[in-house]
Every structure is written in C-alpha cells, then in structure tokens.
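Colleague: Before anything else, here's the structure in question.
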Amino acid sequence: MHPVLSQIRDLLVSLRLTVVLLVASLILVFVATLAQTNYGIYTVQEGYFRSFIAIWHVGPLYVPLPGGYLVGGLLFINLIAAHMYRFKLTWRKAGIFLTHIGLILLLVGELLTGILQEDFSMQIIEGESRNYSESFQDNELAIIDVTDPEYEEVVAIPESLIADGESIQHQALPFRVVPRLYYPNARLQLRSNVPNPPPAPETVDVGRQVVAFEQPITYRQDERNFPTAYVELVGSQGSLGTWLVSTELQAPQYFDYAGRQWKMLMRFTRDYKPFTLTLREVRHDKYPGTEIPRNFSSLVHITTPGGGDDRDALIYMNSPLRYGGYTFYQYQMDAASDLTVLQVVRNPGWLIPYIACVLMGLGLFWQFSYHLVGFLRKQRRSAA
C-alpha cells in the first residue's frame, strides 16, 4: 500500500481518533445546550447537529466547530474501518460486534431522521374534520381557484421563492406573481391606530388598512415568526394590483380575473393526507379534588375516501396513533374551547433506534455474560 494511503488508514482505524471524536461530540452537546436558551430547539438542531460546520456565537466572536454530521460521519467511518482492519470476529468479541453494529445503526438512524423526518401540527375543533396538517416552521403563499364550489385548485408557492424576489409563473395561474417586498417576521397594525403612519403603499384590499412593521426573527420555541410580503399580480394586460399577504392575516383576500374567482393568503405549509380525521371528543381529566391533570386524550374517527377504513382511535399521552405512515401525538389542547392540537410526525426510520438499542443491549449482555462465565471458571479451577 502507498505510504500516504497507509497513514490515512492508520488514522481512520486509530483509537485516538475515536477519543477525539467523542470529546468533540461532548463539546458540541455542551455548546448546543447553551445556545438553546437563545435560539430554541429547532434552530439548534439544524445549526449544530444537522450540519457539517456549526458556528458558535460567543459575544462578537464566531467560533467554527465540527457539526453533528461531520462528527457522526467520521465516527461511522472510524467504526467501519476499525472492524475491517483491527477486529476479528470471535465468540469472545461477539458482544463488542453487536454493540458496535447497534451504534452504527443509531448513527444511520439519526442521519435518516434529519433528512426524512417531517413535523407538523393538526388543530381540530370537536366535530370538525381535517385531512391536512400544518408545518411548525415553513410557510407558503396559497393562490386558490374557488370558481367551482365543489372543487378548489391550489397553487402553493414556498416562502423561500417569495423571499428571493424573482417573478413566479405557474402553468395553472393566468398571471405572474411578482414579490415586491418581503419581511421574514412582521407585525400588523391598523393604520388608524398608528400615530403618523408611513405613506400607504399602492395596494388593494386589506393592504390599505394596515401597516406592516418588520420585527427581529424570533428563535423561541413558544413563538412563531409571521412572514409578510407585498406581492404584485401581473396579467397579460398589465398589473392587477399589489396585495399585502401575511400569516398574521387569518382571512383570505378575494379577487376576480379571467372569468374566475380567486382567493389568496399566506399560511403555514400544509401537508395533505389521503385520509380524514374527525374529532369526536376532547377530554381533560383531573384527579378528584385537585387541579392536577390525570389525562389528556382525543377521540378521533378515521375515514378514507374509498371506504377502506372507518373506525375510531383514542390518542392520549404516551399512546400515539400510528396510521398511514404518520404518528399522531397528543401535543396540546384547550378543553374549554373543545380544541385539540396533534403533533404529526412522519419518520420512515423510526424503527431503527429501537433495533439499535436491542442490538446494543444484547451485545453488552453477551460480553458481560461471557466474561462472567470465564471468571467463574477460573475461580473453580483455583479452588480445585
């Protein structure tokens, strides 16, 4: 083997690299825990653990650190290389092999989770039905053809395209969408309540009545940003006007064009399901004579368009509903308003951590038992 390749191999299989990577992972966890107080769990996960390079903000300084993907990837390579060149499969080392295979599966599972997992929420009022969930972080501009009362054709434009400011043309729309101004976070106030309001932009509908004030982006776990934009619609004969759209506006704005009726709104990104959940009952039980919660539960009814499934399911704490590739957790509720909020998670690799933990447990049990049996045999020989 070439001397350079030999040195690279020795580095990849060395125990020193393992120790360095484990120390780096401890430092990363420590720094990310500190950063969580300012940036929230989601931002820390994306910036520290699901990246190759993490940037640690220390006052005015920006300190680069190896991210979770880099540390985990090198640990994965280190384990594989060590088993290829240093370890030999024997009964004595079988437990170590099983333990390391479990650890490798944990690393692979975290990678798949970071790439494939989707987190949404579903808010349902008692008696209401929903066939979609909404993203916790992502937003979209929805332009909907509502001409047919029985059918809606939806064109959803991701927030990232609005932020880019480029003209957007979709084959289902007879006009172009031209973003004119974008705020990643803003608050709206009635123009009549603002002393000395800025000049009103050339907008139509609700944009003439409110003022948008840009706000700093929030990273707190219990707060959300409200993306706001001014978008102009341009048809074949010229501009149709400029609209103010924001996730803080609950009601859509309507307009007519090309013989059809449209509505437009900025909303949380929706993920439509091939089934429908109907909330039958919300329960918030307490221990008798106290205000201590005993049970949070939602009784839902599952229906599919083809009638293949038509049944009830109970969702409560630590007992989610797994259906159609999704997991529905009891997330929040407001029993006084008959409202429940379900966390909807799609994670194709959710079984991998369980399998990994079983393998690691078996490996540790085998290794301990093998050495214990060997020790007892030595004791018996010594006694004899």
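The values are calculated or read from the model by the stated rules, or taken from the named source; none is laboratory data. Note that the coordinates shown come from a computational prediction; the quantities given were computed from them, not determined experimentally. A quick note on method: Cβ atoms are made from the backbone with ideal geometry, for glycine too, and the neighbour counts reach across all protein chains shown. Note: areas computed on protein heavy atoms with side chains; ligands, DNA, RNA excluded. Shrake-Rupley method; radii C 1.70, N 1.55, O 1.52, S 1.80 Å.
This table checks each residue for (1) part of a strand (DSSP E or B); (2) out of contact with any helix residue (DSSP H, G or I) (no Cβ under 8 Å at 6 or more places or on another chain); (3) over 30 Å from Q330 (Cα atoms); (4) open to solvent by less than 30 Å² (accessible area, probe 1.4 Å).
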{"residue": "E134", "(1), (2), (3), (4)": "yes, yes, no, no"}
{"residue": "D138", "(1), (2), (3), (4)": "yes, no, no, no"}
{"residue": "T147", "(1), (2), (3), (4)": "no, yes, yes, no"}
{"residue": "Q171", "(1), (2), (3), (4)": "no, yes, yes, no"}
{"residue": "R180", "(1), (2), (3), (4)": "yes, yes, yes, no"}
{"residue": "P199", "(1), (2), (3), (4)": "no, yes, yes, no"}
{"residue": "A212", "(1), (2), (3), (4)": "yes, yes, yes, yes"}
{"residue": "F226", "(1), (2), (3), (4)": "no, yes, no, no"}
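Colleague: Could you please tell me which pairs satisfy a Cβ distance under 9 Å, a separation of 6+ or placement on different chains, a first residue in segment 368-379 that is closer than 16 Å to G95 by Cα, and a second residue that is surrounded by fewer than 10 Cβ atoms within 10 Å (Cβ to Cβ)?
Modeller: Within 9 Å, the pairs are Y370/W91.
Colleague: (1) without any contact (Cβ under 8 Å) to a residue 24 or more places away in the chain; (2) open to solvent by 70 Å² or more (accessible area, probe 1.4 Å): which one isn't true of E126, the others all being true?
Modeller: (1) is the only condition that E126 fails.
Colleague: Could you go through segment 344-351 and let me know if any residue there is open to solvent by less than 30 Å² (accessible area, probe 1.4 Å) and under 14 Å from S133 (Cα atoms).
Modeller: yes
Colleague: Further, regarding this structure: Identify the residue in segment 1-45 that is over 27 Å from I80 (Cα atoms), of a type outside the set (F, W, Y) and touching a residue at least 60 places away in the same chain (Cβ under 8 Å) and, among all such residues, is least open to solvent (accessible area, probe 1.4 Å).
Modeller: Selected residue: G40.
Colleague: Tell me yes or no: at least one residue of segment 248-255 is of a type in the set (D, E, K, R), farther than 29 Å from D334 by Cα and either touching a strand residue (DSSP E or B) at 6+ places or on another chain (Cβ under 9 Å) or in contact (Cβ under 8 Å) with a residue 12 or more places away in the chain (or both).
Modeller: Looking through segment 248-255, none of the residues is of a type in the set (D, E, K, R), farther than 29 Å from D334 by Cα and either touching a strand residue (DSSP E or B) at 6+ places or on another chain (Cβ under 9 Å) or in contact (Cβ under 8 Å) with a residue 12 or more places away in the chain (or both).
Colleague: Give the residue that is least open to solvent (accessible area, probe 1.4 Å), with candidates limited to residues of segment 149-169 that are acidic (D, E) and more than 18 Å from T269 (Cβ to Cβ). Talk me through it step by step, then tell me what you get.
Modeller: The initial filter retains those residues of segment 149-169 that are acidic (D, E), namely 150, 152-153, 159, 164, 166.
Filter again for more than 18 Å from T269 (Cβ to Cβ), leaving 150, 166.
Numbers: E150: 162, E166: 123 Å².
Selected residue: E166.
Colleague: Take the residues of segment 278-316 that are aliphatic (A, V, I, L, M) and at pLDDT 85 or above: which is most open to solvent (accessible area, probe 1.4 Å)?
Modeller: L314
Colleague: Take the conditions modelled with pLDDT of 90 or more and more than 20 Å from the chain's Cα centre (by Cα) and apply them to L321. Does it pass?
Modeller: Spelling it out, it is not the case that L321 is modelled with pLDDT of 90 or more and more than 20 Å from the chain's Cα centre (by Cα).
Colleague: Scan segment 337-353 and tell me whether some residue there is in a helix (DSSP H, G or I), at negative phi and modelled with pLDDT of 90 or more.
Modeller: Quick first cut of segment 337-353, residues in a helix (DSSP H, G or I) only: 337, 352-353.
Imposing the further condition that a residue be at negative phi reduces the set to 337, 352-353.
Keeping just the survivors that are modelled with pLDDT of 90 or more gives 352-353.
Yes, because at least one residue in segment 337-353 is in a helix (DSSP H, G or I), at negative phi and modelled with pLDDT of 90 or more.
Colleague: Continuing with the same structure: Being of a type in the set (A, V, I, L, M, F, W, C) and farther than 24 Å from D119 by Cα is the filter here; which residues of segment 188-226 pass it?
Modeller: Answer for segment 188-226, where residues must be of a type in the set (A, V, I, L, M, F, W, C) and farther than 24 Å from D119 by Cα: L188, L190, V194, A200, V204, V206, V210, V211, A212, F213.
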